[in-house]
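Asks: I have a structure I would like to understand better, so I am pasting it below and will then ask my questions one at a time.
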Amino acid sequence: MGEQNWAGNHAYGADSVLTPRTVDEVREAVAAASRVKALGSRHCFNDIADTPGGVLLDLRALDVPVEIGDGTVTVGGSARYGDFAEQLHAAGFALPNLASLPHITVAGSVATGTHGSGRRQPGLASAVSAVELVTANGELRTFTRAHAEFPGLVVGLGALGVVTRITLDVEPAFDVRQDVFDGLPWEAAYRHFDEIEDAAYSVSLFTNWVNDTIDQVWLKSRVDAFTARTDLFGAVPADGPRHPAHAAGIAAGNCTPQQGVPGPWHERLPHFALAFTPSVGDELQSEYFVPYRDAVAAVRAVREIGALLAPVLLVSEIRAIAADELWLSPCHGGDRVALHFTWQPRQPEVEAVLPVLEERLAAFGARPHWGKLFHTAGPYPRIDDFRTLATELDPRGKFRNPFLDRHVFGG
């Protein structure tokens, strides 16, 4: 077929790709297919969105208008956050959280438990208040928080149907400033982890695990709650813009504005600007979520194998996310800290270190990001309920694929 994901490390095995332009065309395609999956921005690094021998629905042309209501915004499942954020801001509203790049689709982000950052902010899926879904027989159904199965349906891994519309809660628009600090001593990070995470609305720590200090700390502060500081437990203000992967020679020009310049929420909460290639571009990714209470112990455990990771690593990010109650969310049941790894595009070497990394994190009940490279899915208390829900909505397994068989259904 010749189609690949964003990173180019996975070639889709579907027999064909359809590009429906209307919801009715999606319904017809789903009803007619024996195996089918939806494609969004293709930013997953594994085969979660593939359907070998089946049909892929490329939803980028799906015509669903943005509807801004009283405290909500409804968009098409294929809409990227960067496509409607400016329109939402102009209407006086904001989303409470955004991922590090605005290039990804709402439906894909939500379905995989993608999260954003902030100790007090839950992941992107927590903003979802309604989902319009094309189920296996082509029926169009809408689910809201009033439905008992809603917590199992939002982070759905593509196993329940094709999302055509999605409604998100919004709040009044706000401005954010971004300040970067260099050289946080590791011992200071351990001793003051809570204070560092509480230092701003969103906090990210960037490291390669082997340097004597944490390279960078990014503080994204709401302007209406900003507290000035000249020191961050030994880290000093950056003397210019920074890129997380600066050691790889990547310039800061594709990052969102820093150095305390205020701007709208949607131009500061992401790390990378919509107009540019995000992150490094030519990369692979993994990410693991551990309970917040275990964050320092987990970071120490990873540092012990830093010399193994660094040769295939571009940069790592440490950030906190608040709890939610969505069954397959990595933050289900408690606050989490995410340990993110942006790898060099050397998949065999990356795959070789993942078992060692996962063994280190197993003691903390680590859960991997569903859309990134990993070996073992981790513990989810409601996974049996999810399997039941998937069987009810898709009794013939139309949306099943090898990824779901390996990690969810035990095939």
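The values are calculated or read from the model by the stated rules, or taken from the named source; none is laboratory data. Everything numeric in this text was worked out from a predicted model, so none of it was measured. Neighbour counts are summed over all protein chains in view; Cβ atoms, including those assigned to glycine, are modelled from backbone coordinates with ideal geometry.
Asks: If the requirement is being in contact (Cβ under 8 Å) with a residue 60 or more places away in the chain, under 15 Å from the mean Cα position of the chain (by Cα) and more than 19 Å from residue 268 (Cα to Cα), which of these qualifies: 157, 140, 168, 153?
Replies: Only one candidate qualifies: 157.
Asks: Residue 295 - would you say it is at pLDDT below 95 and not polar (S, T, N, Q)?
Replies: Taking the combined requirement at face value, the residue does not satisfy it.
Asks: Hey, could you check the stretch 316-332 for residues that are in contact with a helix residue (DSSP H, G or I) (Cβ under 7 Å, 6 or more places away or on another chain) and not charged (D, E, K, R) and say which is nearest to residue 198 (Cα to Cα)?
Replies: Out of the qualifying residues, it is 320.
Asks: Tally time: how many residues in the stretch 189-209 are over 15 Å from residue 342 (Cα atoms) and of a type in the set (A, V, I, L, M, F, W, C)?
Replies: Total meeting the criteria: 6.
Asks: Can I ask one more? How about the stretch 335-377: which of its residues are free of Cβ contacts under 8 Å to residues at least 60 places away in the same chain, small (Gly, Ala, Ser) and within 22 Å of residue 408 (Cα to Cα)?
Replies: Selection gives 362, 377.
Rundown of residues vs (1) assigned to a helix (DSSP H, G or I); (2) touching a strand residue (DSSP E or B) at 6+ places or on another chain (Cβ under 6 Å), yes/no style:
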| residue | (1), (2) |
| --- | --- |
| 44 | no, no |
| 47 | no, no |
| 51 | no, yes |
| 88 | yes, yes |
| 99 | no, no |
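Asks: With the condition kept exactly as written, say whether any residue in the stretch 242-252 is under 22 Å from residue 315 (Cβ atoms), part of a helix (DSSP H, G or I) and touching a Pro at 6+ places or on another chain (Cβ under 9 Å).
Replies: yes
Asks: Of the residues that sit in the stretch 81-108 and are at pLDDT 95 or above and polar (S, T, N, Q), which one is farthest from residue 328 (Cα to Cα)?
Replies: 87
Asks: While we're looking at this one, here's another question. Regarding the stretch 333-351, can at least one residue be identified that is touching a Lys or Arg at 6+ places or on another chain (Cβ under 9 Å), over 24 Å from residue 194 (Cβ atoms) and assigned to a loop (DSSP other than H, G, I, E, B)?
Replies: Taking every residue of the stretch 333-351 in turn, none turns out to be touching a Lys or Arg at 6+ places or on another chain (Cβ under 9 Å), over 24 Å from residue 194 (Cβ atoms) and assigned to a loop (DSSP other than H, G, I, E, B).
Asks: For the stretch 60-70, what are the residues that are over 14 Å from residue 21 (Cβ atoms) and either buried (at least 17 other Cβ atoms within 10 Å of the Cβ) or modelled with pLDDT of 95 or more (or both)?
Replies: 66, 67, 68
Asks: Next question. Step by step: first the residues of the stretch 304-359, then only those that are under 15 Å from the mean Cα position of the chain (by Cα) and acidic (Asp, Glu), then the one that is surrounded by the most Cβ atoms within 10 Å (Cβ to Cβ). Which residue is that?
Replies: Here the answer is 324.
Asks: Looking at the stretch 110-123, is at least one residue closer than 25 Å to residue 337 by Cα, at pLDDT 95 or above, more than 12 Å from the chain's Cα centre (by Cα) and part of a loop (DSSP other than H, G, I, E, B)?
Replies: no
Asks: Follow-up. What is the residue count in the stretch 343-370 for residues that are touching a helix residue (DSSP H, G or I) at 6+ places or on another chain (Cβ under 9 Å), within 16 Å of residue 44 (Cβ to Cβ) and not aromatic (Phe, Trp, Tyr)?
Replies: Total meeting the criteria: 2.
Asks: Within the stretch 45-59, can one find any residue that is without any contact (Cβ under 8 Å) to a residue 12 or more places away in the chain, farther than 27 Å from residue 368 by Cβ and buried (at least 16 other Cβ atoms within 10 Å of the Cβ)?
Replies: Looking through the stretch 45-59, none of the residues is without any contact (Cβ under 8 Å) to a residue 12 or more places away in the chain, farther than 27 Å from residue 368 by Cβ and buried (at least 16 other Cβ atoms within 10 Å of the Cβ).
Asks: Another question about this same structure. List the pairs whose first member sits in the stretch 184-195 and is within 21 Å of residue 321 (Cα to Cα), whose second member is part of a helix (DSSP H, G or I) and of a type in the set (Lys, Arg), and whose Cβ atoms are under 7 Å apart, counting only residues at least 6 apart or on separate chains?
Replies: If the second residue must be part of a helix (DSSP H, G or I) and of a type in the set (Lys, Arg), no pairs are left.
Asks: Could we say that residue 377 is assigned to a helix (DSSP H, G or I), small (Gly, Ala, Ser) and either in contact with a His (Cβ under 6 Å, 6 or more places away or on another chain) or in the same structural domain as residue 294 (by TED's automatic domain parsing) (or both) here?
Replies: Taking the combined requirement at face value, the residue does not satisfy it.
Asks: Which is in contact with an Asp or Glu (Cβ under 9 Å, 6 or more places away or on another chain), in contact (Cβ under 8 Å) with a residue 40 or more places away in the chain and β-branched (Val, Ile, Thr), of 315, 296, 290?
Replies: Result of the check over 315, 296, 290: 315.
Asks: I would also like to ask the following. If you scan the stretch 205-226, which residues turn out to be within 14 Å of residue 306 (Cβ to Cβ) and part of a loop (DSSP other than H, G, I, E, B)?
Replies: 208, 209, 210, 211, 212
Asks: Right, next: Evaluate the following for residue 74: is it under 30 Å from residue 368 (Cα atoms), out of contact with any His (no Cβ under 7 Å at 6 or more places or on another chain) and either of a type in the set (A, V, I, L, M, F, W, C) or part of a loop (DSSP other than H, G, I, E, B) (or both)?
Replies: It is false that residue 74 is under 30 Å from residue 368 (Cα atoms), out of contact with any His (no Cβ under 7 Å at 6 or more places or on another chain) and either of a type in the set (A, V, I, L, M, F, W, C) or part of a loop (DSSP other than H, G, I, E, B) (or both).
Asks: For the stretch 1-24, give me each residue that is over 18 Å from residue 373 (Cβ atoms) and touching a residue at least 60 places away in the same chain (Cβ under 8 Å).
Replies: If the condition is that a residue be over 18 Å from residue 373 (Cβ atoms) and touching a residue at least 60 places away in the same chain (Cβ under 8 Å), then 23 is the only one that fits.
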